[in-house]
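**Q** Let me give you the structure first, and then I'll get to my questions.
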Amino acid sequence: QVQGTAHWPAPNGFALEGTLHATSLEYRTPSVQLQKFRLDGTLAADSDVVRVRGAQIAGDINGLFSRGALNIDGTIGEVALRGDELEARTMAMAVLGGVFRGEGRLHDFKGFELKGEVRDVIARRVVALESTETVPWDALVSGPVAGQGSLEHNGGLHATGDFAIFPAPESAPVAGHL
C-alpha cells in the first residue's frame with residue numbers, strides 16, 4: 001500500500017512520493033525463501049530509481065542455512081533499487097540475539113554482499129543454524145564481519161570476521177578471539 005502523490009510527466013518520466021506499508025512480502029528461489037516480510041518507510045520513485053528511506057523491516061529467511069530460519073527485524077536508513085541492483089545503507093538489524101549494523105547489496109536478485117559489525121550475537125544460535133549438535137556452552141560474539149552469498153544455491157554463503165568472544169549470561173565462562 002502506497003499513499004502519496006504521483007506526477008506524470010516529470011523530468012524523469014514520472015515521480016512517485018509517499019509512504020509505503022507492505023505486509024506478507026515473499027521472494028522465492030529454488031533454494032532460499034524470504035517469507036513473512038513487512039516493510040514500512042518513505043517511498044520516492046522515478047524511472048531511474050526506487051528509494052525507501054527510514055525503512056522498518058522484518059521477516060524470515062529460510063534456506064540460507066542448512067537448519068532453521070534466520071529472523072531479522074530492524075531499520076534501514078535507505079534502500080535503493082536501480083534495475084536489478086538493490087543497495088541497503090545504514091542497516092541496524094536484530095539478528096541471532098544480537099545486532100548487525102552495516103551495508104548490503106543484492107545483485108540481479110541472485111547474489112548478495114554484506115559488510116558491517118555484529119554485536120552480542122549469541123554463539124549457540126549461530127551454531128544451531130548449521131549443526132544438529134548443541135554446544136555445551138554459550139558466548140556473545142562481536143566484531144567486524146563481511147559476507148557474500150547466493151540466493152540460488154544452498155551452501156553459497158561465505159563470511160569472514162574478526163570476532164571477540166565474551167561469556168554469555170548463565171553459561172560457562174567462554175572467552176577468546178576468532
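The values are calculated or read from the model by the stated rules, or taken from the named source; none is laboratory data. Predicted, not measured: the structure shown is a model, and the values here were computed from it. Using ideal geometry, Cβ is built from the backbone for each residue, glycine included, and neighbour counts are taken over all protein chains shown. We work out accessible area using only protein heavy atoms, side chains counted, and drop any ligands, DNA or RNA first. Shrake-Rupley method; radii C 1.70, N 1.55, O 1.52, S 1.80 Å.
**Q** Report the per residue volume, in Å³, of the convex hull enclosing the C-alpha atoms of the chain.
**A** Spread over its residues, the Cα hull of the chain gives 112 Å³ apiece.
**Q** Another question, then. Describe numerically, in nm with one decimal, the distance between label points set 7 Å from Cα along Cα→Cβ at ILE165 and at VAL2.
**A** 4.8
**Q** Roughly speaking, to the nearest percent, how much of the range 80-165's 1.4 Å accessible area is carbon and sulfur?
**A** Of the solvent-accessible surface of the range 80-165, carbon and sulfur hold 56 percent.
**Q** Once each part is reduced to its C-alpha centroid, what is the distance from the range 115-178 to the range 22-57 in angstrom?
**A** So the separation of the two Cα centres works out to 26 Å.
**Q** Between ALA146 and LEU81, what is the label-point separation in nm under the 7 Å Cα-to-beta-carbon projection?
**A** Taking the two extended label points, one gets 2.8 nm.
**Q** For the range 1-122, what relative contact order do you get, as a whole percent, if you take Cα pairs closer than 8 Å and at least 6 residues apart?
**A** Here the relative contact order equals 15 percent.
**Q** Separate question: So if R0 is 41 Å, what FRET efficiency would SER66 and ASP46 give, r being the distance between their Cβ atoms, rounded to the nearest 0.05?
**A** Computed FRET efficiency for SER66 and ASP46 comes out at 0.50.
**Q** Could you work out the equivalent-ellipsoid semi-axes for the range 26-117, taking the square root of 5 times each eigenvalue of the Cα gyration tensor, largest first, in whole Å?
**A** Value: 21, 16, 12 Å, ordered largest first.
**Q** What full-extension length gain, to one decimal in nm, is calculated for ALA58 and HIS177 as 0.36 nm per residue of separation minus the Cα-Cα distance?
**A** Values: separation 119, 0.36 × 119 = 42.84 nm, distance 3.05 nm.
Here the segment from ALA58 to HIS177 would lengthen by 39.8 nm.
**Q** Still on this structure, I have one more. Taking K and R as +1 and D and E as -1, what net charge do the other residues with C-beta under 13 Å from the C-beta of PRO144 add up to? Show your work: numbers first, answer last.
**A** Numbers: positive: ARG101, LYS115, ARG119; negative: GLU103, GLU117, ASP162.
Computed value for this residue: 0.
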